[in-house]
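Every number in this text was worked out from the coordinates using simple rules, so none of it is lab data. Predicted model, so just to flag it, every value in this text is computed and none were measured. Cβ placement follows ideal geometry from the backbone for every residue including glycine, while neighbour counts extend to all protein chains displayed.
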Amino acid sequence: MSRLPEPRLIEVGEADTETWRAIAAAAGHATWFHTFEWADLWCLPGVTTRPRGLLFRFDDGAEALVPATCHASKGGLVRAYTSSATGKYGGWIARTEIGAAHARAIAAHLATLDLTLRQNPFAPHGDLMEWTREDFTQALDVTRGYDAILAGWSGNHRSSLARARKKGVAVASARGVGAWREYDAIYRDSLRRWGSKAQSVVPWDVFERLAATPSDAVRLWLARHEGRAVAGAVCFSHGTHTVYWHGAALESAFDVRPVHALFDAILEDAASRGLHWFDFNPSGGLPGVVRFKDGFGCVRLPANVYEASRRMTRVLRRVGRAVRRAG
């Protein structure tokens, strides 16, 4: 029996916003980090990035999208891409699952770009790039139900949750700019505590934009003790995946264990909504954060990183450095 020819990549173009949204809505393994809304969130005033979805078309009619942000520099001569914005999960998504041959062709094209791409742990054919840095995320299969999830917590985590309940910590999802202001104040207190160890700083503009998002895809959770917001978490949901993106707690409230109360409420909600995965997100190489997440009974899934800078980019960067030194 003769072997069918492999599909041929015939075009790589730019997806319009409507196409991007339609593919992200239909793709079974897409996360909120693959949506146009996530890419657009980071196009802040004074920032030279913009959303750019790379649309791949094949001669057999298959189509796939690689969500990305494009960074232009050197008068537009150098274009670098990040899939997805801020280094979250990227890679291809499609209305219907594509084959391994299609995925190989996409990976071969991506290897020609100035690109940073984080592996999507939930995608098939997801291990085709030559990863330059190994990493992982920690996640829970919430189809097991809330009781089974809670039974998988470590003894220390269950003790902390019992203390939070005893101290009367209350958790609820929150809406409105006022609630996001409360969270931002908690976050700024955390930044003070973290000092130079903070890996990044999220500006208020981003929280303000999230506050204006009408969709339930964005949820802010606040833990209150004696009426005061003392900890918070921001989660994004898309399809059957929900992810913990951002969190902070007041140092003065550590004793009442509000973070454990937060995750208890968030996980119970995820299980009740029929989701598949609750994703704690990669931990930035921080061992203490990894151990904390392990205490919830997580599995580890690969979320490796590919980073490539093409020769012309490196040359122009060297020229730029030489010019600055001469000046």
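Assuming R0 = 35 Å, can you tell me the calculated FRET efficiency for the pair residue 96 and residue 191, based on Cβ-Cβ distance, to the nearest 0.05? Before the final figure, lay out each step's value.
Details: r = 43 Å, r/R0 = 1.24.
E(calc), rounded to 0.05, equals 0.20.
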Acute angle (nearest 10 degrees) that the helix 155-166 long axis makes with the longest principal axis of the chain, alpha-carbon atoms: 60 degrees
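Counting Lys and Arg as +1 and Asp and Glu as -1, what is the net charge of the other residues whose Cβ lies under 12 Å from the Cβ of residue 153? Walk me through the numbers on the way to the answer.
Details: positive: 158, 293; negative: 147, 264, 294.
Here the count lands on -1.
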Can you match percent of Cα pairs over 30 Å apart to one of these, [x] 40; [y] 45; [z] 52, based on a calculation from the structure here? [x]
So the pair-distance distribution of the range 137-302, from every Cα-Cα distance in 5 Å bins, comes to percents of 1, 9, 18, 22, 23, 17, 9, 1, 0
Relative to a virtual label point 7 Å from the Cα of residue 198 in the Cα→beta-carbon direction, which members of the range 170-184 show backbone nitrogen distances below 15 Å? 183-184
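Cut-off is 10 Å between beta-carbons; in what order do 41, 65 appear when sorted fewest neighbours first? Could you put the intermediate results ahead of the total?
Working: 41 19, 65 25.
Ranking 41, 65 by Cβ neighbours within 10 Å, fewest first, gives 41, 65.
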Among 243, 201, 290, the residue with the largest mean-square fluctuation in a Gaussian network model of the chain built from Cα contacts under 10 Å is 201
Return 197, 167, 88 ranked ascending by Cβ neighbour count within 10 Å, so the fewest neighbours appear first. 197, 167, 88
Using Cβ contacts closer than 10 Å as the measure, can you line up 305, 177 from fewest to most? 177, 305
Between helix 177-194 and the chain: long-axis angle, C-alpha atoms, 0 to 90°, nearest 10: 90 degrees
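Quick one: how many lysine pairs in the chain have C-alpha atoms under 30 angstrom apart, if they're 8 or more apart or on different chains? Could you put the intermediate results ahead of the total?
Values: 74/88; 88/197; 88/293; 166/293; 167/293; 197/293.
Eligible lysine pairs with Cα atoms under 30 Å apart amount to 6.
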Can you give the angle from 0 to 90° between the axis of helix 311-326 and the longest principal axis of the chain, with both taken from C-alpha atoms, to the nearest 10? 70 degrees
Computed label-point distance, nm, for sites residue 10 and residue 252 using a 7 Å Cα→Cβ extension: 6.6 nm
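Viscosity 0.890 mPa s, temperature 25 °C: what is the translational diffusion coefficient of the range 40-172 from Stokes-Einstein with a Kirkwood Rh over Cα pairs, rounded to a whole number of µm²/s? Spell out each step's value before the answer.
Working: Rh = 18.2 Å.
Result for D is 135 µm²/s.
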